[in-house]
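Contents: one structure, followed by commentary.
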Amino acid sequence: MEHPAAFALTLVVCLGLCDAAPTTPSSDDHQIAEAYLSQFYRDPNTTESRGRRVNLPDFENDLKAMQEFFGLEVTGKMDKNTLEVMKQPRCGVTDVARFGHFQGKPKWKQSVVTYRITEYTSQLSQREVDATIAKAFQLYSDVIPLDFKQIYSGTADIMILFKAGYHGDFYPFDGPSGVLAHANSPGPEQGGDTHFDEDEKWTLRPQGVNLLLVAAHEFGHALGLDHSQDRSALMYPTYQYINTNGYKLPQDDRLGVQALYGVRTPTVKPDPKPEPKPDPGPSPPEPCNRDLVFDAATSIRGELYFFKNEHYWKKGFYSGLSTHKIKSTWRSIDSVDAAYEFKGRDITFLFKGKQYWAIRGSTTLTGYPKPISKFGFPSTVKKIDAAVYVASTGRTLFFVGSKYWSFNERTAKMDAGFPKTIWHNIPGIGSKVDAAFENYGYLYFSDGAQQTEYDFGSKRVNRVLLNYGWLDCY
Ligand code: TQI
Ligand code: ZN
Ligand code: ZN
């Protein structure tokens, strides 16, 4: 590594509400400075594994770091301006978010940074790797005035490869787990170069090692970010899976990278021309609303569909988010109560009241709608709230009020002993289910605006989310 983290000092930023420090009577400036530096510029666990010098408090160096952070003249000596800053009210050091930069704050000076992937992993398609790496860079280019461009020959600023063991630098990889990847800080030659350990199980899922999250972390290093002490930061030095759908750069990392490169000024959108529309119909619902409740949700051919009133949102890994009118895709359907995909037959069923349709892609199969009594529901069931097919059991679960039914897709019969009470038999997902779907092996159950990520194998709740988290919102 060009700039190992060894000597990086922790820099502190004030976020949100800060308490004013009590004003100390200025009897001894050096004493004030010493107290300030030991409170804000010295790591309480100096002997930790990051290899920081086991040091006696180094007044001059710490003072230089402080001066650099605040944009003062870096002298290592106490002067009037430095003292001024130290006397200013600021936040207490504990539990404020904090990002770090490397010593000397190396950064890219150009506005377009090129990257090239010279060796791909065998575990994902090239298309998936290209898309994921581009997404990881975009997390940064969304918030700083820097653009990233993939090139396919010659030397790029950031050279990227997947390789196991020895791969041409002084940091050979160590087999499965342990070190997953590493990146050099910005600079010429090998600066910014990013290497991924091919011995890891690279995935785009919660299981294994998620390439998007690790690449985004490494590119943080490649842009000049050191590790952060903020647990919610991407640069926090432990791996933890988080939902990558609609993932945006966490605040701490954004502040860290913006401190180096500045803020990307939002592109001014051209005035939208007032085009007379034939029939506007109902306007689409607002996706970025914490209170958003879905009518139904399902996967269809690898993309996710979220239904709300007369519209649906479609979310694909490559295509991003789009909004559509239900009727313009499936002419005979105007809104949806429940939906599930039966992948084996490439069929999706959409439910509305006492009827259901079978669709394949954007075509509605002939002979539909049919009555839901065909599934074996008694006539007392007037509508289905949610449905999801569980591949591991071959069963489709139907949610109606506080109860659910289990339909055996192989025998095409309702299982005996149903309906059962939701909260009693699937604890943790709520008392009702408005929408349910499967994604990368997890089941997602929405109850109101809340959603639980559920592992059906272990019958455990993984996480609690909000519905709108799927819809690319900040
Ligand atoms: N690799 C370390 C890392 O990228 C290598 C490293 C340690 C490093 N200190 C550094 C690189 C300072 C540059 C500067 O952090 S790793 C995680 C996380 C790793 C770890 O394989 O341990 C991620 C790679 F944060 F999850 F622990 C990616 Cl996301
Ligand atoms: Zn390497
Ligand atoms: Zn790191």
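For the stretch 160-181, check the following and say yes or no: at least one residue is assigned to a loop (DSSP other than H, G, I, E, B), closer than 18 Å to K105 by Cα and within 16 Å of ligand 2 (Cβ to nearest atom).
Within the stretch 160-181, not a single residue is assigned to a loop (DSSP other than H, G, I, E, B), closer than 18 Å to K105 by Cα and within 16 Å of ligand 2 (Cβ to nearest atom).
Looking only at the stretch 166-181, count every residue that is in contact with a strand residue (DSSP E or B) (Cβ under 7 Å, 6 or more places away or on another chain) and over 19 Å from L124 (Cα atoms) and tell me the total.
4
Output the residue which, of all residues in the stretch 375-404 that are open to solvent by 70 Å² or more (accessible area, probe 1.4 Å) and in contact (Cβ under 8 Å) with a residue 12 or more places away in the chain, is farthest from the chain's Cα centre (by Cα).
K382
For residues in the stretch 182-199 being more than 11 Å from ligand 2 (Cβ to nearest atom) and touching a strand residue (DSSP E or B) at 6+ places or on another chain (Cβ under 6 Å), which is farthest from F137 (Cα to Cα)?
Here the residue is E198.
Which residue out of G175, G192, G208, G187 is within 16 Å of ligand 3 (Cβ to nearest atom) and in the same structural domain as N243 (by TED's automatic domain parsing)?
Only one candidate passes the filter, namely G192.
Does K107 satisfy being within 16 Å of ligand 1 (Cβ to nearest atom), of a type outside the set (F, W, Y), open to solvent by 70 Å² or more (accessible area, probe 1.4 Å) and in contact with a helix residue (DSSP H, G or I) (Cβ under 7 Å, 6 or more places away or on another chain)?
Criteria met by K107.
Restricting attention to the stretch 413-451, report how many residues are in a strand (DSSP E or B), among the polar types (S, T, N, Q) and either surrounded by fewer than 22 Cβ atoms within 10 Å (Cβ to Cβ) or not assigned by TED's automatic domain parsing to the domain that holds G401 (or both).
The qualifying residues number 3.
Give the number of residues within the stretch 287-343 that are over 26 Å from the mean Cα position of the chain (by Cα) and free of Cβ contacts under 8 Å to residues at least 40 places away in the same chain.
Residues in the stretch 287-343 being over 26 Å from the mean Cα position of the chain (by Cα) and free of Cβ contacts under 8 Å to residues at least 40 places away in the same chain: 11 in total.
For the stretch 239-257, how many residues are more than 16 Å from ligand 3 (Cβ to nearest atom), more than 8 Å from the chain's Cα centre (by Cα) and crowded, with 17+ Cβ neighbours inside 10 Å?
Counting residues in the stretch 239-257 that are more than 16 Å from ligand 3 (Cβ to nearest atom), more than 8 Å from the chain's Cα centre (by Cα) and crowded, with 17+ Cβ neighbours inside 10 Å gives 2.
What is the number of the single condition among (1) under 16 Å from I144 (Cα atoms); (2) within 16 Å of ligand 2 (Cβ to nearest atom) that G256 does not meet?
Failing condition for G256: (2).
Return the pair list, or none, for Cβ contacts closer than 9 Å from residues in the stretch 174-191 that are free of Cβ contacts under 8 Å to residues at least 40 places away in the same chain and open to solvent by 20 Å² or more (accessible area, probe 1.4 Å) to residues that are β-branched (V, I, T) and away from ligand 2 (no atom under 13 Å from the Cβ), at least 6 apart or on different chains.
Final answer for the pair search is S177/V209.
Taking the conditions exactly as written (in contact with a Leu (Cβ under 7 Å, 6 or more places away or on another chain) and modelled with pLDDT under 95), does N439 satisfy them or not?
For N439, the condition - in contact with a Leu (Cβ under 7 Å, 6 or more places away or on another chain) and modelled with pLDDT under 95 - is met.
Is it true that some residue in the stretch 144-163 is open to solvent by 10 Å² or more (accessible area, probe 1.4 Å), under 27 Å from G100 (Cα atoms), within 21 Å of the chain's Cα centre (by Cα) and within 16 Å of ligand 3 (Cβ to nearest atom)?
No, that holds for no residue.
Only one of T265, T244, T238 is more than 24 Å from G469 (Cα to Cα) and either within 12 Å of ligand 1 (Cβ to nearest atom) or among the hydroxyl-bearing types (S, T, Y) (or both); which?
None of the others qualify; the one that does is T265.
Of all residues in the stretch 208-228, count the ones that are more than 16 Å from ligand 2 (Cβ to nearest atom), of a type in the set (A, V, I, L, M, F, W, C) and in a helix (DSSP H, G or I).
Residues meeting the conditions: 5.
What single numbered condition from (1) modelled with pLDDT of 95 or more; (2) more than 30 Å from L204 (Cβ to Cβ); (3) part of a loop (DSSP other than H, G, I, E, B) fails to hold for F407?
Condition not satisfied by F407: (3).
Can you name every residue in the stretch 314-358 that is more than 21 Å from V390 (Cα to Cα), out of contact with any strand residue (DSSP E or B) (no Cβ under 7 Å at 6 or more places or on another chain) and modelled with pLDDT under 90?
F317, Y318, S319, G320
Pairs please, first residue from the stretch 252-264 and outside any loop (DSSP other than H, G, I, E, B), second anywhere and hydroxyl-bearing (S, T, Y) and surrounded by fewer than 19 Cβ atoms within 10 Å (Cβ to Cβ), Cβ atoms under 7 Å, 6+ apart in sequence or on different chains.
D252/S232
In the stretch 127-140, how many residues are in contact with a strand residue (DSSP E or B) (Cβ under 8 Å, 6 or more places away or on another chain) and surrounded by fewer than 18 Cβ atoms within 10 Å (Cβ to Cβ)?
Result for the stretch 127-140: 3.
Give the residues of the stretch 186-207 that are in a loop (DSSP other than H, G, I, E, B), within 13 Å of ligand 1 (Cβ to nearest atom) and under 19 Å from the mean Cα position of the chain (by Cα), sorted by residue number.
Of everything in the stretch 186-207, nothing turns out to be in a loop (DSSP other than H, G, I, E, B), within 13 Å of ligand 1 (Cβ to nearest atom) and under 19 Å from the mean Cα position of the chain (by Cα).
Does the stretch 185-202 hold any residues that are over 15 Å from E119 (Cα atoms) and in contact with a helix residue (DSSP H, G or I) (Cβ under 7 Å, 6 or more places away or on another chain), and which are they?
Residues satisfying the conditions are S185, P186, G192.
The values are calculated or read from the model by the stated rules, or taken from the named source; none is laboratory data. If you're wondering where the values come from, they're calculated on a predicted model, not measured in any experiment. Note: ideal-geometry Cβ built from the backbone for every residue, glycine included; neighbour counts use all protein chains shown. Side chains are part of the model used for accessible areas, which takes the heavy atoms of the whole protein and leaves out ligands, DNA and RNA. Shrake-Rupley method; radii C 1.70, N 1.55, O 1.52, S 1.80 Å.
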